[in-house]
Amino acid sequence: EKGGYDHFMMKEIMEQPKSVSDCLRGRVISEKNHVKLGGIFNHFDDLLNAKRIIIAACGTSWHAGLVAEYIFEELARIPVEVEYASEFRYRNPIIGKGDVLIAISQSGETADTLAAMSLAESKGAVVLGVCNVVGSSIARNSHEGAYTHAGPEIGVASTKAFTAQLTVLTTMALMLAKEKGTLTEAQLHDLLVELENIPSKIEKVLKTNDAVREMSALYKDAKNFLYLGRGFNFPVALEGALKLKEISYIHAEGYPAAEMKHGPIALIDEEMPVVVIATRDSSYDKVVSNLQEVKARSGRVIAVVTEGDALIPGMVDHVIEVPDTHEVLMPMISCIPLQLLSYHIAVMRGCNVDQPRNLAKSVTVE
Ligand code: M6R
């Protein structure tokens, strides 16, 4: 049942080339500049003309929402707000007709996310669901939606559901961009081609598994970890930190790299591993200077870099190379080494990776 792996989490990490391509199947055909989510039909115009999109979710799904905020605003120029479902539901939010709420959930059973949806609906908003579990409560209680088709996710730590959520949300943004004309045909085509290439690029990143395992041995006794990223990779930093803390019980924090100097930099010393997502994108130069600030304070840096980066390897303790892609799509790739890192550290610490203490796969109580 674990497909020859020791844990479901590893099986699910390794399944990602397949789950992402399953998620794209029939929805994206770059040759024809075709991009469509069949499940969003009656409410497509509401989405297209939305004054505002509000994304509500929890945990990893909330991180997928944060990436989606950057993607929707960049590609489709629609304003997006991302809310913790648990906060949104209790703060008398301003939402109504003309707004669209997108609920993101692997399980489709998260109590706070369900409550956020019914609140939004009661105030007149259109509610769309992005779920993995077919026929789940969130799927049933949304006006329309799109499944992530990642297959059952058993490990408590969400991995393949996250990359599938990013795939659906990117597809949705591209579908809107096409209709709105916010991208040229050529730009749309390039992005669709790149999206179709993601599964093979993930396959390539998964080949770093042995190297990541070796590196994990050096860091398994750390007491704290910091994760830094900017732009599209900022939510990836948050996700990397969540993954580590939930399965290895090492305290970890994710930050937008530039916020470091507003506080967390005080934590940095030779005991503090800092994972920096530093792929070649529009924030690259800025991230390089943030990384130098960490090194100047004796922090130990593990950098996730674009293949062939000639600068960063000379500055840091370890690098993990990932294939290049459009920056909008990079989170689907840059999150993979962080999943592997947390997995190996947790295994080396003797933790129950598939069922971490105090956690449940779906949080059906608030
Ligand atoms: O099923 P959902 O996507 O609604 O679950 C949301 C969170 O409970 C979930 O992502 C949680 O944070 C994971 N354990 C993270 O790996």
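The figures follow:
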| quantity | calculated |
| --- | --- |
| Highest average packing first - 10-16, 37-43, Cβ atoms within 10 Å | 10-16, 37-43 |
| Mean Cα-pair separation over length for the chain, i.e. relative contact order, pairs under 8 Å, 6 or more apart, % | 20 |
| Farthest toward positive dipole pole in the chain [+1 Lys/Arg, -1 Asp/Glu at C-beta], among ALA164, THR325, LEU188 | ALA164 |
| Antiparallel bridge percentage (DSSP; both residues within the chain; nearest 5) | 5 |
| Anisotropy class of the stretch 168-296 from Cα gyration tensor, a/c 1.5 cut | prolate |
| Gained length - HIS251 relative to LEU311, 0.36 nm times residue gap less alpha-carbon distance | 18.6 nm |
| TYR227 long-range amide H proximity, modeled H, under 5 Å | GLU253, GLY254, TYR255, VAL275 |
| Derived scalar couplings ³J(HN,Hα) [the stretch 146-156; Karplus, 6.51 cos²θ - 1.76 cosθ + 1.60; whole Hz; x for Gly, Pro] | 9, 7, 8, 6, 7, x, x, 10, 9, x, 5 |
| Percent RCO, i.e. relative contact order, over the stretch 168-323, from Cα pairs under 8 Å lying at least 6 residues apart | 19 |
| Carbon and sulfur %, accessible surface of the stretch 1-138 computed with the full protein complex present, 1.4 Å | 49 |
| Sites GLU1 and ARG25 - FRET efficiency at Förster radius 25 Å, r taken between beta-carbons, to 0.05 | 0.55 |
| Inter-part distance where the stretch 15-54 and the stretch 87-116 are each reduced to a Cα centre, Å | 21 |
| Pairs beyond 20 Å (Cα-Cα), from LYS261/LYS286; LYS32/LYS204; LYS51/LYS123; LYS207/LYS361; LYS160/LYS361; LYS160/LYS220 | LYS32/LYS204; LYS207/LYS361; LYS160/LYS220 |
| Amide proton proximity set for VAL82, modelled H, under 5 Å, gap of 5+ | ILE55 |
| Carbon and sulfur %, accessible surface of the stretch 281-357 computed with the full protein complex present, 1.4 Å | 43 |
| Inter-label distance, nm, simple model (7 Å from Cα along the C-beta direction), GLU73/LYS295 | 3.1 |
| Gain in span if fully extended, LYS361 to LEU48, counting 0.36 nm per residue against the direct Cα distance | 109.3 nm |
| The stretch 267-278 - phi-based ³J(HN,Hα) in whole Hz, Karplus 6.51/-1.76/1.60, Gly and Pro as x | 7, 7, 8, 5, 8, 9, x, 10, 8, 10, 8, 10 |
| Extension reserve of the ASN92-ALA211 stretch, reckoned as 0.36 nm per residue once the Cα distance is removed | 38.0 nm |
| Expected 222 nm ellipticity per residue - DSSP helices of 4 or more, -39500 (n - 2.57), all of the chain, to 500 | -13000 deg cm²/dmol |
| Zone residues, the stretch 138-169, relative to GLU121, backbone N less than 11 Å from point 7 Å out along Cα-to-Cβ | 138-144 |
| Å² per residue, accessible surface of the chain at 1.4 Å | 40 |
| Pairwise FRET efficiency - GLU259 versus GLU185, Cβ, R0 = 35 Å, nearest 0.05 | 0.40 |
| Net charge dipole size for the chain [Lys, Arg +1 and Asp, Glu -1 on Cβ; Debye, nearest 20] | 400 |
| The stretch 292-366: relative contact order as a whole-number percent, Cα under 8 Å and 6+ apart | 19 |
| Between the stretch 281-322 and the stretch 140-193, the Cα center-to-center distance that results, in Å | 29 |
| Those trypsin sites (Lys or Arg not before Pro) in the stretch 51-129 that DSSP places in a loop and that have at most 15 other beta carbons within 10 Å | LYS51, ARG77, ARG91, LYS97, LYS123 |
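The values are calculated or read from the model by the stated rules, or taken from the named source; none is laboratory data. Everything numeric in this text was worked out from a predicted model, so none of it was measured. All Cβ positions, glycine included, derive from the backbone under ideal geometry; neighbour counts span all protein chains shown. Heads up: the accessible areas ignore ligands, DNA and RNA and are worked out on the full protein's heavy atoms, side chains in. Shrake-Rupley method; radii C 1.70, N 1.55, O 1.52, S 1.80 Å.
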